[in-house]
Structure formats: C-alpha cells, structure tokens
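The structure appears below as structure tokens.
The values are calculated or read from the model by the stated rules, or taken from the named source; none is laboratory data. For clarity, every value in this text was computed on a predicted model and none was experimentally measured. Every residue, glycine among them, receives a Cβ derived from its backbone with ideal geometry; neighbour counts consider all protein chains shown. Just so you know, the surface numbers come from the protein's heavy atoms only, side chains and all, with ligands and any DNA or RNA stripped out. Shrake-Rupley method; radii C 1.70, N 1.55, O 1.52, S 1.80 Å.
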Amino acid sequence: MNRQGFKWLSLGLLTGWLVIFVLFPNLMVLAVSVMTPDLRELVRPEFSLESYLRLVDPLYLDVVLHSFYLAGICTLICLLAGYPAAWIIAHTSKRMQAFLLFLFIIPFWTNSLIRTYAMKVILGNRGIINKTLMELGLIDSPIRMLYTETAVILALVYILLPFMILPLYASIEKLPSSYLEAARDLGSRKFRTFRTVVWPLTLPGVISGCLLVFLPAMGMFYIADLLGGAGNLLIGNIIRDQILVTRNWPFGAALSVTLIATMALMLWIYQRTLKAMQGGRV
C-alpha cells in the first residue's frame, strides 16, 4: 500500500470511529431530549420540549447554577495555583522539568474514585487533619469538613489541577525569552510585562486549561456524593438520577445536551481568541 492509500485508510478509520462512537451517540442524546418520557418504554417518540422547560424549574435551576458556581470556583483556584506552578516548571532545567511533570502525572496512575475516598480519610471527623489539630491542642472538637461545599471544591481541585498545569506549561514553555528580554530593555516593570506580553501569549493555554477543568468539574457526580452530601449536587448527579433512578431519560438527555452546548460555547470562545491573537477579526 502506497503512502496516499495509507493516508486515506487512516482518515477513513478515524472518521468512521468518530461517526459511530461520537456523532451517533450525541445525535441520539439530542433526539431523546426532545421526546416524551414514558415509565414503561422509557421514551415515547412524540416531540416535546417539556424536558428543556424543566431546566428553568427552580428546583433544577438551582442545582445547575450551583454546578456552574462550584466548577467556576474550582477552575479559578486551579488557574491561580496552576499558573505559578507551570511557570516554575517551564523555567527549570530540562531534567528537573521532566521530574516535576512526572510528579504531576503520578496521580493519574490511581483511579480518581480511590483518590476521592482518600479525601474522606483526610477530611473526616477522625481524619488526618482533625487528629493532627487536636493533638496539637489547636482545637477541642473535630471541625466539620466532610459533606460541605468546601470539601467538594477541594476534591475537584485536587483531581483536576494537573489538567490546568499541563496546557499552561505547554504555552509558557513556548514563550520566546527574547520577548521578555526586550520588555526589560525597554524599562517595562514585571507586572506590566506580564499583563502586556506574557498573559496574552499564554492565553490559549489558559483557555485550554479552563476547558479541561470546568467541564469535567460539573459532571463528577461521585465527588458530590461522597464529599458533598445532598446540599452540594452537581449536574452529573441529576443526570445519573434521571437515567438510573427516576427513569426520565428525556430530561437526563436535556441536561447532557446543556453540558454539550456549554462545551461548544467555550470551544467557540477559544477559537475566536486564537483568531484575535493571530490578527484576525473578532
């Protein structure tokens, strides 16, 4: 087989894979979201927008908005912690860079569910933090940390922080040092150099990291189950309950479509930002 034939075969296999396992499932989810729920047949092929109208029900709207809030706080913390970490990694020696990146990749060797259970051991009333504080005499009784909003945010940050650091590191590592030298030669202060040179050039990495953190944060229902309790649910919790418990597949599909639309919107913003940086019209 010649090179041209191998290229078309590879493209055909990749396209077929994406169509069968990505496009068709998403189209099925979209189709189910506009059907009528049925307790016996799960869905009835009758067009209905009832599931999307339920999204504005205060009961579900509060959970959706709370999910966006928790995911936003998690993304912001990951950005504030990840940017300095990525900067430090990018400005060390090549050998040290490999070692530090290895340390950030190690957690991926353990399932995130197991790491979430480890957070329960750390944050529980008889966990490591409370025991240490009590032995030091800093507190008289355990501090309630489990089943709180803070516990959910801490777990999300712990699990998703590497997804922020890696794209930031890739952007910072490609940043030409000559730009920073030129800014210093022209008398620019560090903050102004960061605001006018470093930040705009690393913005694609920032947006990529935010995408990789924000969207998964809204769907990690097991974290909310194990650490958050009933008062700190995520969209993923509602989708799971609608599909497996109440058997309302159209509403669960509508929530899934909402997440897909959010991802599409953020990808659109990412593309517009890249075009603007390349001199295109926004």
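Can you give me the C-alpha center-to-center distance between region 4-81 and region 141-165, rounded to a whole angstrom?
A separation of 26 Å, based on Cα centres.
Using +1 at the Cβ of each Lys and Arg and -1 at the Cβ of each Asp and Glu in the chain, identify which of 26, 60, 169 lies farthest towards the dipole's positive end.
169
Divide by every residue of the chain the summed helix terms, -39500 (n - 2.57) for each DSSP H run of at least 4, and state the resulting mean residue ellipticity at 222 nm, rounded to the nearest 500 deg cm²/dmol.
Working: 13 runs with 193 residues, N = 282.
After summing the helix terms and dividing by residue count, I get -22500 deg cm²/dmol.
Rounding to the nearest 20 debye, state how big the charge dipole of region 129-232 is about its Cα centre with +1 on each Lys and Arg Cβ and -1 on each Asp and Glu Cβ. Please list the in-between numbers first.
Numbers: 8 positive and 7 negative charges, 92 e Å.
Value, rounded to 20: 440 debye.
State the three equivalent ellipsoid semi-axes of region 191-261, derived from the C-alpha gyration tensor as the square roots of 5 times its eigenvalues, in descending order and whole Å. Don't jump to the answer; show the numbers that get you there.
Working: eigenvalues 254, 43, 10 Å².
Semi-axis lengths for region 191-261 are 36, 15, 7 Å.
Any idea which of 75, 257, 87 is furthest toward the positive side of the dipole for the chain, if Lys and Arg beta-carbons carry +1 and Asp and Glu beta-carbons -1?
Positive-most Cα among the choices belongs to 87.
Using all alpha carbons of region 140-243, what is the percent of pairwise distances in each 10 Å bin, ordered from the shortest bin to the longest?
Going from the shortest bin to the longest, the percentages are 14, 29, 22, 18, 12, 4, 0.
What FRET efficiency would be calculated for the residue pair residue 143, residue 96, taking the C-beta separation as r and a Förster radius of 35 Å, to the nearest 0.05? Mind dumping the intermediate values first?
Details: r = 37 Å, r/R0 = 1.06.
Taking R0 as 35 Å, the efficiency between residue 143 and residue 96 is 0.40.
Straight-line reach from residue 131: which lysines have a Cα under 20 Å away, not including same-chain ones fewer than 8 places off?
Reachable lysines: 120.
Explain nothing, just compute: Karplus ³J(HN,Hα) = 6.51 cos²θ - 1.76 cosθ + 1.60, θ = phi - 60°, for every residue of region 175-183 in order, whole Hz, x for Gly and Pro.
Karplus-based 3J(HN,Hα) across region 175-183 equals 5, x, 5, 5, 5, 5, 5, 5, 5 Hz.
Would you list which lysines come within 16 Å of residue 174, measuring only between C-alpha atoms, while excluding same-chain residues fewer than 8 positions from it?
Excluding near neighbours in sequence, the set is 94.
Which of 106, 212, 187 sits farthest toward the positive end of the charge dipole of the chain, with +1 on the Cβ of Lys and Arg and -1 on the Cβ of Asp and Glu?
Value: 187.
Can you list the residues, at least 5 places off or on another chain, whose amide H is less than 5 Å from the amide H of residue 43, using H built in the peptide plane?
Correct list: 38.
Nearest 0.05, what FRET efficiency do residue 19 and residue 69 give at R0 = 30 Å with Cβ-Cβ as r?
Rounded to the nearest 0.05, the efficiency is 0.25.
Roughly how big is the chain's charge dipole about its Cα centre, with Cβ charges of +1 (Lys, Arg) and -1 (Asp, Glu), in debye to the nearest 20?
Numbers: 23 positive and 14 negative charges, 223 e Å.
In debye, rounded to 20, the chain gives about 1080.
Measure off 7 Å from each Cα along the Cα-to-Cβ vector at residue 131 and residue 174, then give the distance between these two points in nanometres to one decimal.
For residue 131 paired with residue 174, the spin-label model returns 4.7 nm.
Each residue of region 37-50 in order: what ³J(HN,Hα) in whole Hz does its phi give by Karplus 6.51 cos²θ - 1.76 cosθ + 1.60, θ = phi - 60°, with x for Gly and Pro?
x, 9, 5, 8, 9, 6, 9, 10, x, 10, 4, 7, 9, 4
Please list 3J(HN,Hα) in residue order for region 199-206, calculated via the Karplus relation 6.51 cos²θ - 1.76 cosθ + 1.60 where θ = phi - 60°; whole Hz, with x for glycine and proline.
Working through the residues one at a time gives 4, x, 6, 9, 4, x, x, 4 Hz.
Which is the longest run of the chain containing none of the GluC sites (Glu not before Pro) found in DSSP loop states (not H, G, I, E, B) with at most 12 other C-beta atoms within 10 Å? All intermediate terms of the calculation are to be shown ahead of the outcome.
Working: sites that count: 41, 46.
Between exposed loop sites, the widest span is 47-282.
Roughly speaking, what is the stretch gain from residue 190 to residue 264, that is 0.36 nm per residue apart minus the C-alpha to C-alpha distance, in nm to one decimal?
On the way: separation 74, 0.36 × 74 = 26.64 nm, distance 3.54 nm.
Fully extending the segment from residue 190 to residue 264 adds 23.1 nm.
Pick out, in residue order, every one of the chymotrypsin sites (Phe, Trp or Tyr not before Pro) in region 2-109 that is DSSP loop and has at most 14 other C-beta atoms within 10 Å; say none if there are none. Before the final figure, lay out each step's value.
On the way: sites: 6, 8, 17, 21, 47, 52, 60, 68, 69, 87, 99, 102, 104, 108, 109; in loops: 47.
Answer in residue order: 47.
How big is region 42-113 by the Kirkwood estimate over distinct Cα pairs, in Å? Please report the intermediate quantities before stating the final value.
Numbers: mean 1/r = 0.0606 Å⁻¹.
Taking the inverse mean of 1/r over all distinct Cα pairs, region 42-113 comes out at 16.5 Å.
In terms of solvent-accessible area of protein heavy atoms at a 1.4 angstrom probe, what is the ranking of 131, 120, 190, highest value first?
On the way: 131 115, 120 60, 190 185 Å².
Descending accessible area places them as 190, 131, 120.
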